[in-house]
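The values are calculated or read from the model by the stated rules, or taken from the named source; none is laboratory data. This structure is a prediction, so every number in the text was calculated from the model and none was measured. With ideal geometry, Cβ positions are generated from the backbone for all residues, glycine too; neighbour counts draw on all protein chains shown. To get the accessible areas, we keep the full protein, side chains included, count just its heavy atoms, and leave off ligands, DNA and RNA. Shrake-Rupley method; radii C 1.70, N 1.55, O 1.52, S 1.80 Å.
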Amino acid sequence: MTETNAAAIGAARETQADRRRALLWQIVDDYSLILIFIVLFAVLSFTVQYFFSWDNIVGLALSVSQIGMVACTMMFCLASRDFDLSVGSVVAFSGVLCAIVANATGSVTLGIAASLVAGAAIGAFNGVVIAKLKINALITTLATMEIVRGLAFITSQGQAVGVTSEAFFTLGALELFGLPVPVWITVACFAVFGVLLNKTIYGRNTLAIGGNPDAARLAGVSVDRVRIAIFLIQGAVAALAGIILASRMTSGQPNAGEGFELDVISACVLGSVSLMGGRATISGVLVGVLIMGTVQNAMSLLNIDAFYQYVVRGTILLIAVLVDQLKNRRQSR
């Protein structure tokens, strides 16, 4: 065998090894999170009393419903290299506004419409400032987080606003086929935004902007318009979550949703949505939401002190960010 042939055979073996290694990493990327959730769920079912009961499963689904529906739109923000810290404040303000308008007009429909419009307007404002004025998303949404939270306290005078119409309560309490309506709304959000991400130009443009905004602009993508649309939809969905939360709590609470934005971002990052943009899957976000909710539910069933729950949630977020960084480094090689 000549030296040339030996080198060619060695190179071919090395290429095959690289392909097998790449395939293995691809399988790990695609299915590891689902496997982790299945193992976690199975372990908790056998070790935590009442965890694997129908009432607890329904309660778990209901507890993550608001986070789930907002995570669907936060996924688009993160995939386009932005993020929105104002969603928690929008949740609180929309609940208060809905209660005030519903009481003043006697119409729950008008209250819901006013809150959705207000949420969309706040989101559009964020998008315009970020896309047109080129202000960093962190600064912009941090500012609107404070402004909108202040508006929630001003309009409610710092007090919970009760709703007199019983029709308002049915939105959060009504059940359909054995599951509460908020759970079905969350399922619908995952279906709609999953189709938007995978089957539409809007979804492809979002990932293209996150991957390389300059290249997306050169390819003819209207980057500013897409970013504004992403934040507008984010605001509207956060308002919807706030309305449902107010319905479940039977009042608009100006201090509701504190820390909500961190839970949503944590679920997205845990679901393999890249903080560097350009990578997101709706199935990953779903599993991320379920893992966060499952851990929280198990800690509550085990009567773990709330202080320790903060530590656990922060640790999960840190691990998710580290895994995201490792993925980015491996893919950039």
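Odds and ends about this structure:
- Direction-averaged projected area, Cα convex hull, the stretch 245-315: 6.1 nm², rounded to one decimal.
- 28 Å Cα-Cα reach of Lys199 towards lysines, excluding residues that sit fewer than 8 places from it in its own chain: Lys132, Lys327
- Where the chain is the region considered: accessible area per residue in Å², 1.4 Å probe: 51
- Share of carbon and sulfur in the accessible heavy-atom surface of the stretch 284-326 [1.4 Å probe, %]: 75
- Ranked by how many other beta carbons lie within 10 Å on average, peptides 70-82, 310-322 from highest: 70-82, 310-322
- Remark: accessible surface ordering of Asp55, Asp30 (largest first) is Asp55, Asp30, probe radius 1.4 Å.
- Overall, the stretch 186-292 carries a charge dipole of about 360 debye about its Cα centre when +1 sits on the Cβ of Lys and Arg and -1 on the Cβ of Asp and Glu, all other atoms neutral.
- Accessible surface of Val101 - all protein chains present, 1.4 Å probe, nearest 10 Å²: 30
- Helix 54-63 vs. the chain, principal-axis angle (Cα, 0 to 90°, nearest 10): 90
- Beyond 25 Å, the tail of the calculated P(r) for the chain holds 55 percent of the Cα pairs.
- Each peptide among 208-219, 277-288 gets the average number of other Cβ atoms lying within 10 Å of its residues, and from highest to lowest they stand as 277-288, 208-219.
- Within the accessible surface of the stretch 65-176, defined with a 1.4 Å probe on protein heavy atoms only, the carbon and sulfur portion equals 70 percent.
- Estimated FRET transfer efficiency when R0 is 41 angstrom, pair Leu23-Ser63 (beta carbons, to 0.05): 0.60
- The HN-Hα couplings worked out from phi for the stretch 38-49 by the Karplus form 6.51 cos²θ - 1.76 cosθ + 1.60 (θ = phi - 60°) are 4, 5, 4, 5, 5, 4, 5, 5, 8, 10, 10, 5 Hz, whole numbers, x standing for Gly and Pro.
- Dipole of the chain, positive end: most advanced residue of Leu133, Ile291, Gly271 [Cβ charges, Cα centre]: Leu133
- To the nearest ten degrees, helix 260-270 and the longest principal axis of the Cα atoms of the chain are 20 degrees apart.
- In degrees, nearest ten, helix 306-332 long axis to first principal axis of the chain (Cα): 40
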